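*Asks:* Provided herewith is a single structure, encoded as C-alpha cells, for subsequent inquiry.
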Amino acid sequence: MVAAKKTKKTHESINNRLALVMKSGKYTLGYKTVLKSLRNSKGKLIIISNNCPPLRKSEIEYYAMLAKVGVHHYNGNNVDLGTACGKYFRVCCLSIIDAGDSDIIKTVPGDH
Amino acid sequence: MVKFLKTNKAVIILQGRYAGRKGVIVKSFDDGTRDRPYGHCLVAGLKKYPSKVIKRDSAKKTAKKSRVKCFIKLVNYQHLMPTRYTLDVDLKDVVTADSLSSKDKKVTACKETKARLEERFKTGKNRWFFTKLRPPKLIAVQDPIDYLLLLSYHMLSCTGKACILSSASSDEI
C-alpha cells in the first residue's frame, strides 16, 4: 500500500516535470524523431510509454544504451503520455533535447 | 549523448539489396552533403560471408571457404542498425567518397577491402562480424548477443526481408 502511494507521488512529479519541459524546453515526440535525436546525440532523456510494442521498446533501449542516454518507462500508456505532454494525440515515446527550467534529467533516470 | 555512429562501428544494413548484411562504417557524414542532405555514412560490408571452415579441410579447401565478397555503399543512417561491436580494420585509405564515382574505382576498392577483410577473418578475430545473421530459434533470450540478433531479425522480417535469411538455412522448411 505504501509502495503504491509512493509511485503515485513520483508519477505526479514526473508529470509536473514533463509539463515544465513542454513549456520551457525542447523535445521531440514520436519514434522516428526519437531515433534521430539518439543518432545525432541530441537527446538527453527518453521516455517510453508502457504499451509501446516490445520490439520498438528494445530498439530504443539499445540505441539509448549505445548513446549512454537514460530511458524512463512511463507509468501509463501512450494516451496518458500524450495527455501528460499536453497534446491531444497519443505519444508512444518522446525524447527530451533540452530540459529548459526542469530538472527532469537529473531526477528521473534513477528509477529507469 | 555519446555519438556512436562513428568510423569502425559494426552495423547491420536494414534496407535495400544488402539488407541483413553486416558492415563497418568507414566514413560518416553526419550533416549530409549537397547531394544527400541527410545523415549518411560510407559502409563497407560483406556481400558474401565466408563459409564454415572445419578442421578436416585441406589447405586448398580452407582458402576457398575463407573467401568473402564485399560491397561499398553510401547508406542513410535510418537504414542501419548500429551494434555494440566495432571492427578496427583500416579501410579509410582504400574506401573513399570518390571511390564510388566510377565503376573501376569501385572495383579496385572492393578488391582491396576483400583482401583486408579476408586476412582479418583468417586471424579468427571479430568472429561475430563474419557470421551470417541467423534467425534465432528460441524466443527466450538471455544472452545479450542473441538479443541483438533477435532484434535485427525481427526488424528485417517486418520489412519482408526474412525470406533472404530463411533461404540461407536449410533446416527451416
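The values are calculated or read from the model by the stated rules, or taken from the named source; none is laboratory data. The model shown is predicted, which means the values in this text are computed figures rather than measured ones. Backbone-built Cβ (ideal geometry, glycine too); neighbour counts: all protein chains shown.
*Asks:* Restricting to region B:17-72, and then to whatever is of a type in the set (S, T, N, Q) and more than 23 Å from B:K132 (Cβ to Cβ), can you tell me which residue is surrounded by the most Cβ atoms within 10 Å (Cβ to Cβ)? Full working, then the answer.
*Replies:* Going through region B:17-72, the residues of a type in the set (S, T, N, Q) turn out to be B:28, B:33, B:51, B:58, B:62, B:66.
This time we only want the ones that are more than 23 Å from B:K132 (Cβ to Cβ), so: B:28, B:33, B:58.
Numbers: B:S28: 17, B:T33: 11, B:S58: 8.
Selected residue: B:S28.
*Asks:* From B:G32, B:G16, B:G45, B:G23, which residue is part of a loop (DSSP other than H, G, I, E, B) and away from chain A (no Cβ under 14 Å)? Outline the logic, then answer.
*Replies:* Details: B:G32 fails: away from chain A (no Cβ under 14 Å); B:G45 fails: part of a loop (DSSP other than H, G, I, E, B); B:G23 fails: part of a loop (DSSP other than H, G, I, E, B).
Selected residue: B:G16, the only one of B:G32, B:G16, B:G45, B:G23 that is part of a loop (DSSP other than H, G, I, E, B) and away from chain A (no Cβ under 14 Å).
*Asks:* Testing B:R84 on (1) within 14 Å of chain A (Cβ to nearest Cβ); (2) in contact with a strand residue (DSSP E or B) (Cβ under 8 Å, 6 or more places away or on another chain); (3) under 23 Å from B:R120 (Cα atoms), one condition comes back false. Which one is that?
*Replies:* It is condition (2) that B:R84 fails.
*Asks:* Further question: Hey, can you tell me all the residues within region A:57-84 that are over 26 Å from B:V2 (Cβ atoms) and assigned to a loop (DSSP other than H, G, I, E, B)? It would help to see each step written out before you state the result.
*Replies:* Here is the first cut: in region A:57-84, the ones over 26 Å from B:V2 (Cβ atoms) are A:75-80, A:82-84.
Matches in region A:57-84: A:N75, A:G76, A:N77.
*Asks:* Same structure, new question: What are the residue pairs meeting all of these: first residue in region A:79-91, first residue farther than 13 Å from A:N15 by Cα, second residue not in a loop (DSSP other than H, G, I, E, B), Cβ atoms under 6 Å, and 6 or more apart or on different chains?
*Replies:* Final answer for the pair search is A:F89/A:G82; A:R90/A:N78; A:R90/A:V79; A:R90/A:G82; A:V91/A:L29; A:V91/A:N78; A:V91/A:L81; A:V91/A:G82.
Residue-by-condition table, conditions (1) at pLDDT below 95; (2) among the basic types (K, R); (3) touching an Asp or Glu at 6+ places or on another chain (Cβ under 8 Å):
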position: A:T28; (1), (2), (3): no, no, no
position: A:Y31; (1), (2), (3): no, no, no
position: A:S49; (1), (2), (3): no, no, yes
position: A:N75; (1), (2), (3): yes, no, no
position: A:G82; (1), (2), (3): no, no, no
position: A:V91; (1), (2), (3): no, no, no
position: A:S95; (1), (2), (3): no, no, no
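*Asks:* Same structure again: Check B:K105, B:K92, B:K114, B:K73 and return the single one that is charged (D, E, K, R) and within 16 Å of B:Y49 (Cβ to Cβ). I'd like the intermediate steps shown before the answer.
*Replies:* Values: B:K105 fails: within 16 Å of B:Y49 (Cβ to Cβ); B:K92 fails: within 16 Å of B:Y49 (Cβ to Cβ); B:K73 fails: within 16 Å of B:Y49 (Cβ to Cβ).
After applying the criteria, what remains is B:K114.
*Asks:* Can you name every residue in region B:48-67 that is outside any strand (DSSP E or B) and within 11 Å of the chain's Cα centre (by Cα)? I'd like the intermediate steps shown before the answer.
*Replies:* To start, the set of residues in region B:48-67 that are outside any strand (DSSP E or B) comprises B:49-67.
Once the filter is applied, which keeps residues that are outside any strand (DSSP E or B) and within 11 Å of the chain's Cα centre (by Cα), region B:48-67 yields only B:Y49.
*Asks:* Same structure again: Any idea which of A:I60, A:I47 is away from chain B (no Cβ under 14 Å), in contact with a strand residue (DSSP E or B) (Cβ under 7 Å, 6 or more places away or on another chain) and farther than 14 Å from A:D98 by Cβ?
*Replies:* Numbers: A:I60 fails: away from chain B (no Cβ under 14 Å).
That would be A:I47, the only listed residue that is away from chain B (no Cβ under 14 Å), in contact with a strand residue (DSSP E or B) (Cβ under 7 Å, 6 or more places away or on another chain) and farther than 14 Å from A:D98 by Cβ.
*Asks:* Right, something else. Which of the residues that make up region A:60-70 are under 14 Å from A:C92 (Cα atoms) and buried (at least 20 other Cβ atoms within 10 Å of the Cβ)? Steps first, answer last, please.
*Replies:* Let us first name the residues in region A:60-70 that are under 14 Å from A:C92 (Cα atoms), namely A:60-61.
Selection gives A:I60 alone.
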